[in-house]
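What follows is one structure encoded as structure tokens, with my remarks underneath.
What follows is calculated from the coordinates using simple rules that are stated; it is not laboratory data. These numbers were taken from a predicted model, which means no experiment stands behind them. Don't worry about glycine lacking a Cβ; one is built from the backbone with ideal geometry, like all the others, and counts go over all protein chains shown.
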Amino acid sequence: KALEPNLYLSFVYQSSAQRNPENLKEWREIVAGWQKLGAKLVVREGWGNHYALDLPYLHYGQILTNLAEARRLGFTGAYGDGTKCFATQAPNFWAIVRMMWDPERDPSKVMPDFYASAYGPAAGAMEAYFESYNRALDENWSKLDHVVDTTGMAYANLIGAWRRLIPVEVVAAAETRLQEAERLAPPGEYADRIRFHRLGQSYTATLLELLDAYRRLAELGVRLDSFSSVVKTRVSDPQERDALLRRAYDLGEEREKLLLAHRDWAGPSEALYAFANEKGLRQWHAEVKKALGINHPSAVTRETLNPP
């Protein structure tokens, strides 16, 4: 039976998962199935939701091609989740805005304009910087966990896999490119923009090491929600556990400092972190402090962000 003609369906998905050809195939099959019923479809994307923790979860290639294809298939509009963290995800949002403004434009011509306009003489270095992360995700996508049996995005499949997706050497390669961009950019607008991405790079390096520490601590028996439910290995090594707890504490404190360093910038979301603290979600830093016998509150709460 055909659907009512005034009914529009929001199709929830994440184009980042289309790095897996099976996911793209499933997406097309589902679209075709709904359209056989006469459904009018609207893109409802998870471009920058909390799954990514404001890391460089770059998939501008998938965004460009997916929005172009959605247009060809007759989708009537698009909306979705975002993050304010342009410091790490700026290329994603350029791709989104340009394709939503004109979904019939040539996707292959979208990103070169971004790099040239935003970074001037440092365009090539900044493109290489972002591509370091984008390419790593392309190459390592198959290394996601498979806690949840889906080709789509599942938080449980991502949270413990970040270091496999973006290894240490990728962060180092990105750092080299960012330093090159800093050298090439003349003082003024271009240099200011690259300094903005320096915050994103510092946050990325800190958080990736921290997330991997949490994963390992869960293996060592420290109870950490999300991580404890996805790790498969359990080991007993009190010496490693104690040393890693201390390292995780230092990294967690550094993360909070970075969240507060430039609140007037479109950087990592201190408000999302404060919300998680208020609701008792993702209390990883609190659990580390508890294990170490450290009793001081988080620096990032609703009260500290909005003092009387």
For the pairs Lys84/Lys257; Lys143/Lys257; Lys1/Lys40; Lys257/Lys289, flag any whose C-alpha to C-alpha distance is greater than 19 Å. Lys143/Lys257
Distance between region 207-270 and region 293-308 - C-alpha centres, whole angstrom: 18
Through the Karplus equation 6.51 cos²θ - 1.76 cosθ + 1.60, θ set to phi - 60°, convert the phi angles of region 46-63 into ³J(HN,Hα) values in whole Hz; use x for Gly and Pro. x, 5, x, 7, 5, 3, 7, 6, 6, 7, x, 7, 8, 8, 5, x, 5, 4
Return the whole-Å distance between the Cα centroid of region 6-49 and the Cα centroid of region 74-94. 16
Under 5 Å, built H, 5+ apart or other chain: amide partners of Ala78: Val43
For Rg/Rh (Cα atoms, Kirkwood Rh), one of [x] 0.93; [y] 0.99; [z] 0.97 was computed from the structure I shared and the rest are decoys. Which label? [y]
Less than 11 Å Cβ to Cβ from Glu139, Lys/Arg counted +1 and Asp/Glu -1: what total charge do the surrounding residues give? +3
Obtain the nm distance between the two label points defined at Ile294 and Ala271 by a simple spin-label model: each point lies 7 Å from its Cα along the Cα-to-C-beta direction. 2.8
Identify the trypsin sites (Lys or Arg not before Pro) of region 248-277 meeting these criteria: DSSP loop state and at most 14 other C-beta atoms within 10 Å of the C-beta. Arg263
Among residues other than Asp212 whose Cβ falls under 12 Å from its Cβ, what is the net charge (Lys/Arg +1, Asp/Glu -1)? +3
Need the list of aspartates and glutamates near Lys25 for cross-linking: C-alpha distance under 18 angstrom, and skip anything on the same chain fewer than eight residues off. Glu45, Glu69, Asp138, Asp149
Sequence gap at least 6, Cα distance under 8 Å: using those rules, report the relative contact order of region 8-305 to the nearest whole percent. 17
Sequence order, region 193-198: Karplus ³J(HN,Hα) from phi using 6.51 cos²θ - 1.76 cosθ + 1.60, θ = phi - 60°, Hz rounded, Gly and Pro as x, gives 5, 6, 4, 4, 6, 4
